[in-house]
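The next block holds one structure in the form of structure tokens; read it before the comments.
The values are calculated or read from the model by the stated rules, or taken from the named source; none is laboratory data. Here the structure is a predicted model, which means the values were calculated and not measured. Cβ: placed from backbone, ideal geometry, glycine included. Neighbour counts: every protein chain shown. Keep in mind that these areas ignore ligands, DNA and RNA; they rest on the heavy atoms of the full protein, side chains included. Shrake-Rupley method; radii C 1.70, N 1.55, O 1.52, S 1.80 Å.
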Amino acid sequence: RVPLTGALADTTDRSTWGSFDQACNAGFPHIGFVFTPQDKYTCADLDDPTTIKVRGQEIPNPNAAEVERLKALHAQISESFDSYSEVSTRGRGEHIVIEGKLLANVQRDKVEVYSVNHYVILTGNVINPGPINDYQEQLSAMASQMVSTKSTELVETEPTMPDEELLAMAFTAKNAAKFSALWAGSQAGHPSQSEADLALL
């Protein structure tokens, strides 16, 4: 939210942001940073590998081998980037902030890399006090491994109904209140913006 007004902020509109001091004085429960194409920073968000999402609910991951693989991968990433890091919001993951940029955000294997137009809550629960170091080469290499090389042929089809009609259905459906809140940008009831975005979709 905008520190001075409490209105919903927009990750692509700087006029809806505030300074660090303004955020500290606003009284909101969290303070974060918007990673943009104009700054030199990226956040690698290592999510909790022991859980999975099923129908919007978080449950223990029943695949023990997969959990161990992800834990090893996350440990390798954490050790590779000797830069400022902290415990994530829910206390079961890690945020690593580095110098380096990507053209787009990428995610795979419970790793989300935020480089452009994304707000990340920063907890201040420090793991590695830093400094924030330059890892552009390693970041680019990691991102290239996270992006699938498989290609899919897309076929353009005619829509089955106009956008306006589809939205009208959503705003009057059984879960209209939930949809309306998500459509307005609220992430209430969701642990992060990522889960809120997925719920809206």
remark   = Of (1) in a loop (DSSP other than H, G, I, E, B); (2) open to solvent by less than 60 Å² (accessible area, probe 1.4 Å); (3) under 22 Å from Leu198 (Cα atoms), Asp39 fails just (3)
key: Options Glu112, Glu153: the member that is among the acidic types (Asp, Glu), at negative phi and surrounded by 10 or more Cβ atoms within 10 Å (Cβ to Cβ)   = Glu112
task = Only residues in region 137-156 that are modelled with pLDDT of 90 or more count as the first member; pair them with residues that are open to solvent by 70 Å² or more (accessible area, probe 1.4 Å) and part of a helix (DSSP H, G or I), Cβ under 9 angstrom, at least 6 apart or cross-chain, and list the lot.
result = none
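Residue check: is Leu122 surrounded by 10 or more Cβ atoms within 10 Å (Cβ to Cβ), at pLDDT below 95 and within 14 Å of Asp45 (Cα to Cα)? Don't jump to the end; show me each part of the working.
On the way: surrounded by 10 or more Cβ atoms within 10 Å (Cβ to Cβ): yes; at pLDDT below 95: yes; within 14 Å of Asp45 (Cα to Cα): yes.
Answer is yes for this residue.
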inquiry  = Cβ-Cβ distance below 6 Å, separation of 6 or more or different chains: which pairs start in region 37-54 with a residue that is in contact (Cβ under 8 Å) with a residue 24 or more places away in the chain and of a type in the set (D, E, K, R) and end on one that is open to solvent by 60 Å² or more (accessible area, probe 1.4 Å) and in a loop (DSSP other than H, G, I, E, B)?
reply    = Asp47/Lys110; Asp48/Arg92
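Taking region 81-108, which residues are buried (at least 16 other Cβ atoms within 10 Å of the Cβ) and outside any strand (DSSP E or B)?
Filtering region 81-108 for residues buried (at least 16 other Cβ atoms within 10 Å of the Cβ) gives 81, 83-86, 88-89, 93-102, 105-106.
Within region 81-108, Phe81, Ser83, Tyr84, Ser88, Thr89, Gly93, Gly100, Lys101, Leu102, Asn105 meet the criteria.
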message = Against the condition under 25 Å from Gly189 (Cβ atoms) and either open to solvent by 30 Å² or more (accessible area, probe 1.4 Å) or at pLDDT below 90 (or both), how does Thr5 come out, does it pass?
response = yes
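On the basis of being in contact (Cβ under 8 Å) with a residue 24 or more places away in the chain, closer than 27 Å to Leu201 by Cβ, open to solvent by 70 Å² or more (accessible area, probe 1.4 Å) and in contact with a strand residue (DSSP E or B) (Cβ under 9 Å, 6 or more places away or on another chain), does Phe33 make the cut?
When the stated conditions are applied, Phe33 passes them.
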message = Please go through region 51-80 and give me each residue that is in a loop (DSSP other than H, G, I, E, B) and surrounded by 15 or more Cβ atoms within 10 Å (Cβ to Cβ), ordered by number.
response = Asn61
message = Go through region 166-197 and report how many residues are among the hydrophobic types (A, V, I, L, M, F, W, C), surrounded by 12 or more Cβ atoms within 10 Å (Cβ to Cβ) and touching a residue at least 24 places away in the same chain (Cβ under 8 Å).
response = 0
